[in-house]
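Let me give you the structure first, and then I'll get to my questions.
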Amino acid sequence: MTDETAAGAGWGRFIGRPGRSLTRRLIWLASAWIVVALAATGWILTTQYQESAFRRLGDMLSDTIDEVVIATVATPDGVTVAEIRDAPTLRGLSGKYWMVAEVLPDGAVRVLARSPSLAGETLYIAPELPARLQASMGDLLTYNDPGILRPPQRQPLRIAASLKTLPGRTEPVVFMAGIDRSDIEADTREFAAYVWIALLALGVGLVIAVFLQVQIGLRPLFALRNEIANVRKGRAARIEHAYPLEIQPLAEQVNRLLDHNQEVVERQRTHVGNLAHALKTPLSVMLAEAEGKIDPLAEIVRRQTEVMKGQVDHHLRRARAAARAAHGLGERTPVGEVIDEMAVMLERVFQSKDVEIDWRAPDDLAFLGERQDLQEILGNLMENACKWSTRRVRVSAGASGLGQMIAVVEDDGPGLPEDQRAAVLKRGTRLDEDAPGSGLGLSIVDDLTRAYGGRLTLGASDLGGLKAVLELPAAE
C-alpha cells in the first residue's frame, strides 16, 4: 500500500467512523490542527525573540571584552588593566561587569582582575567552561548565570567568555563579561503574553470560521438528509429541492431508486393480480360444478376447493404485504380513519348481537404503510373480537416512540387459553386449523405484521376476553 493510499484509508476511517457526527469530527480535526499550529507558532516566535535579544547582549558583551583586552597588559605578577571609561562597570553592582582570570594546571580558575562594579564578587564560571575555552581558543562562549548575589539582590546574568593570549605572557588569559538579563527576560515574557493573546484571538476566530464554513458547506447535505428522512417517514414521495452541483447527482440517484422501487411494487401487484385471477377462476369453476351434488366426491371437491381458495388468498396477501413493506416508501395511512371505517362496518355486520365498538386514537397518528394492509390487519382483529365478544369491543392506538405505534384490540368474550395463544402465533400456523372456534384471521395478521417488521402478541383483557397488541411502524 502506498503512502497516499494509506493516508486516504486513514482519512476515510476517520470521517466514516459510525456513530459520530461528521460535522463534529471535521470541526474537531480542524480545531486540533489550529491549536497545534498556533502553539508551535507561539513557541517559535517567543524563542526567536529571546534568542535575538541574547544575541544583542552577546554583541554588547563582546565589545566589553574587546575593551578589556585592549586595556590589559601582562606583568610579572599577573596582569594590569588600565582604567576603562564605561560608567556601568564603575558603579557597584550596576548590572554590568567584567573579569580577567587564568586557568591553573589543576583546573582551578584564579581571578587576576575584576571591574569595580563586581564589588569583590566573582562572575560565575561554569564547571565545563575551562575545557570548552581550551577547545575553542579565541571564540566567544555565552551562557546564563543564575546570579552573583544572595537573595533578594540576586541578578540573573548573561555571561560571555573568551580565551586569549597577551603579549609577554605564555599562558592564555580568560576574559569574561556579564550583564543583567532581567530586562530581557521581562521583555520576553511581555512579548510572549502579547503573542499568546493574539494567537488565542486568532485561534478562536479560526475555529469560529471553520465551524461556520463546515455548517454552511454541509448545509445542503443536512437538507438532503432531512428530505430522505421525510420520504422514509411518509411525509414526501420524492426529493424535490435542487442542490449544488456536487450533491445534485446524489439526489437524482435517490429519486431514480425511489422510481425503481415504485416500478417493482407495481409489477409485483400486477403479477399477484394475474396469479389470483388465474387461480381463482378454475377454483370457482370446480366449486360451481360440485355445488348441488350430494355424492362423497363432490363433498371432497367442495371442501378442498374452499381450502385451496383460502390458501391462495392467504399467500397472496403475504406477497402483496411483503412487496409493499420492502418498497413502499412514502406511504402514510391515518390510523383513526381506518379504525372508524372498520368500526362502522362491523357494527352493522354484527347488529344482531348489538356489538358496541369503543375506539380511540390520536388524530395525528399514522401508519407507515399502505391503507389496505392496515385495513387487513385491524379488520381481521376487530372482526375476530366482534365475533367472539359478548357485546363490547375496545380498540385503542397510540405512538410508542422510536418511530413505532401500538394498537390494542380487546373484547369481553371467552378469551383464548394461554397455551393456544403461543400456538396460533407460530410461523405457518393458522388459528382456524389448530383451534377451531377460537377466532379467525390471526395467522394472517401475524404474517402481515411481521412483513412490516412489527409484532403481534396476545394476552388477557381486563374486559374478560382476548387482548391483541400490535406493534407497527409509525409515520412521523
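The values are calculated or read from the model by the stated rules, or taken from the named source; none is laboratory data. All values derive from a computational prediction rather than experimental measurement. Ideal geometry is used to build each Cβ from the backbone, glycine not excepted, and the neighbour counts take in all protein chains shown. Remember, those area values only see protein heavy atoms, side chains included, never the ligands or the DNA or RNA. Shrake-Rupley method; radii C 1.70, N 1.55, O 1.52, S 1.80 Å.
Filter region 186-199 down to the residues that are touching a residue at least 12 places away in the same chain (Cβ under 8 Å) and open to solvent by less than 50 Å² (accessible area, probe 1.4 Å) and list them by number. If you could, list the steps in order and put the result at the bottom.
Initial filter on region 186-199 (touching a residue at least 12 places away in the same chain (Cβ under 8 Å)): 187-188, 191-192, 195-196, 199.
Those that are touching a residue at least 12 places away in the same chain (Cβ under 8 Å) and open to solvent by less than 50 Å² (accessible area, probe 1.4 Å): Thr188, Ala192, Val195, Leu199.
Restricted to region 76-88, and to residues that are free of Cβ contacts under 8 Å to residues at least 12 places away in the same chain and not in a helix (DSSP H, G or I), which residue is nearest to the chain's Cα centre (by Cα)?
Applying the first criterion (free of Cβ contacts under 8 Å to residues at least 12 places away in the same chain) to region 76-88 yields 76-77, 82, 85, 87.
Checking which are not in a helix (DSSP H, G or I) leaves us with 76-77, 82, 85.
Values: Pro76: 83, Asp77: 81, Ala82: 76, Arg85: 72 Å.
Of everything passing the filter in region 76-88, Arg85 is nearest to the chain's Cα centre (by Cα).
Just the residues that are of a type in the set (S, T, N, Q) and surrounded by 19 or more Cβ atoms within 10 Å (Cβ to Cβ), please, taken from region 85-131. Working first, answer last.
Taking region 85-131 as the starting set, the residues that turn out to be of a type in the set (S, T, N, Q) are 89, 94, 115, 117, 122.
Selection gives Thr89, Ser94, Ser115, Ser117.
Take region 460-469 and flag every residue that is in a strand (DSSP E or B) and surrounded by fewer than 24 Cβ atoms within 10 Å (Cβ to Cβ). Steps first, please.
Going residue by residue through region 460-469, those that are in a strand (DSSP E or B) are 460, 466-469.
Once the filter is applied, which keeps residues that are in a strand (DSSP E or B) and surrounded by fewer than 24 Cβ atoms within 10 Å (Cβ to Cβ), region 460-469 yields Ala460, Lys467, Val469.
Which of the residues that make up region 260-291 are surrounded by 12 or more Cβ atoms within 10 Å (Cβ to Cβ) and not aliphatic (A, V, I, L, M)? Outline the logic, then answer.
To start, the set of residues in region 260-291 that are surrounded by 12 or more Cβ atoms within 10 Å (Cβ to Cβ) comprises 261-262, 264-266, 268-269, 271-273, 275-276, 279-280, 283-284, 286-287, 289-290.
If the condition is that a residue be surrounded by 12 or more Cβ atoms within 10 Å (Cβ to Cβ) and not aliphatic (A, V, I, L, M), then Asn261, Gln262, Glu266, Gln268, Arg269, His271, Gly273, Lys280, Ser284, Glu289 are the ones that fit.
Of all the residues that make up region 378-418, how many are in a strand (DSSP E or B) and either crowded, with 22+ Cβ neighbours inside 10 Å or more than 48 Å from the chain's Cα centre (by Cα) (or both)?
Applying the first criterion (in a strand (DSSP E or B)) to region 378-418 yields 392-401, 404-411.
This time we only want the ones that are either crowded, with 22+ Cβ neighbours inside 10 Å or more than 48 Å from the chain's Cα centre (by Cα) (or both), so: 392-393, 395, 397, 405, 407, 409-411.
The number of residues fulfilling the criteria is 9.
Which one of Asn261, Asn274 is in a helix (DSSP H, G or I) and modelled with pLDDT under 75? Don't jump to the end; show me each part of the working.
Details: Asn261 fails: modelled with pLDDT under 75.
The conditions single out Asn274.
Take the residues in region 441-459 that are more than 15 Å from Gln420 (Cα to Cα) and of a type outside the set (A, V, I, L, M), then tell me which one is least open to solvent (accessible area, probe 1.4 Å). Lay out the reasoning, then the answer.
The first filter runs over region 441-459 and keeps only residues more than 15 Å from Gln420 (Cα to Cα), leaving 444-445, 447-455.
Add one more test, that the residue is of a type outside the set (A, V, I, L, M), and what stays is 447, 449-450, 452-455.
Working: Asp447: 22, Thr449: 0, Arg450: 117, Tyr452: 28, Gly453: 62, Gly454: 17, Arg455: 131 Å².
Taking the candidates together, the pick is Thr449.
Condition (residue is under 28 Å from Leu45 (Cα atoms) and more than 55 Å from the chain's Cα centre (by Cα)) applied to region 179-200: is it met by at least one residue? Please lay out each step first, then the result.
Here is the first cut: in region 179-200, the ones under 28 Å from Leu45 (Cα atoms) are 179-200.
Subset that is more than 55 Å from the chain's Cα centre (by Cα): 179.
Scanning region 179-200, I find at least one residue that is under 28 Å from Leu45 (Cα atoms) and more than 55 Å from the chain's Cα centre (by Cα), so the answer is yes.
What do you reckon, is Glu476 at pLDDT 90 or above, surrounded by fewer than 20 Cβ atoms within 10 Å (Cβ to Cβ) and not hydrophobic (A, V, I, L, M, F, W, C)?
Numbers: at pLDDT 90 or above: no; surrounded by fewer than 20 Cβ atoms within 10 Å (Cβ to Cβ): yes; not hydrophobic (A, V, I, L, M, F, W, C): yes.
When the stated conditions are applied, Glu476 does not pass them.
Pairs, please: C-beta under 6 Å, at least 6 apart or cross-chain, first residue over 12 Å from Asp86 (Cβ atoms) and in region 50-75, second assigned to a helix (DSSP H, G or I) and β-branched (Val, Ile, Thr)?
Sorted first by the residue in region 50-75, then by its partner, the pairs are Gln50/Thr188; Ala53/Ile184.
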